[in-house]
Structure formats: C-alpha cells, structure tokens
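Below is one structure, written out as structure tokens, with a few remarks after it.
The values are calculated or read from the model by the stated rules, or taken from the named source; none is laboratory data. In this text the structure is predicted, and so the values were computed from the model without any measurement.
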Amino acid sequence: MTQERVAMIRERLQQALPVQHLDVEDESHLHVGHAGAKDGGGHFRVLVVSDAFDGLAPLKRHRLVYDAMGDAMRRDTIHALSIRALTPAEYERETA
C-alpha cells in the first residue's frame, strides 16, 4: 500500500508540473497512533523542483502541489503532506 501511494504522488506531480527533481518519502511510521493515521491516511514528505514555481510565493507553490494531489487529499490516502517546492535555481544553490 505504501509504495502504491508514493507512486501515485509521483505520478500526479509529474503529470501536473514540469518536474526536474522529485523525492517522495512516506513518513507514516513516524505518526502511528496519530488521530489522522487512524483513518488510514498517510504522512508524506515531498521535495519537488519545477520551473512552474519561478516567481511564485511559497503559498502559491504549495497550492500547485495540493491541486496536483486532487481528491487524494480529501480521501483516506493522504492525511498530511510536507512540501518543499523549489525552482531549479534554488535547488542548485542548495545542492552545490
């Protein structure tokens, strides 16, 4: 189930955005017993690098990611999503 959810997140982001780099981590094991986890929703952390974020404030970048997730955010698939949304230039500075 976990790998299926990670694959779904990757697929949705890659379909919605011109992605240059993408990391998706399932952190659900860190939240066992958490109220949201009881309903089966997972906790995920994403790092997505895309030109689509150029010139956008963090809130608008996050909105693009949430829009890509669509109904997965409103079902029992994703309970929490931690997002790092960077432009390629920002990512290059971080990894240089």
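Looking at segment 36-58 only, could you name the residues that are part of a helix (DSSP H, G or I) and modelled with pLDDT of 95 or more?
Restricting attention to segment 36-58, the residues satisfying the condition of being part of a helix (DSSP H, G or I) are 36-39, 51-53, 58.
If the condition is that a residue be part of a helix (DSSP H, G or I) and modelled with pLDDT of 95 or more, then Asp51, Ala52, Phe53, Pro58 are the ones that fit.
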Self-check item: Residue that is nearest to the chain's Cα centre (by Cα), among those in segment 62-96 that are within 20 Å of Pro18 (Cα to Cα) and among the polar types (S, T, N, Q)
Solution: Ser82
Quiz item: Looking at Gly33, is it in a loop (DSSP other than H, G, I, E, B) and modelled with pLDDT of 90 or more?
Solution: no
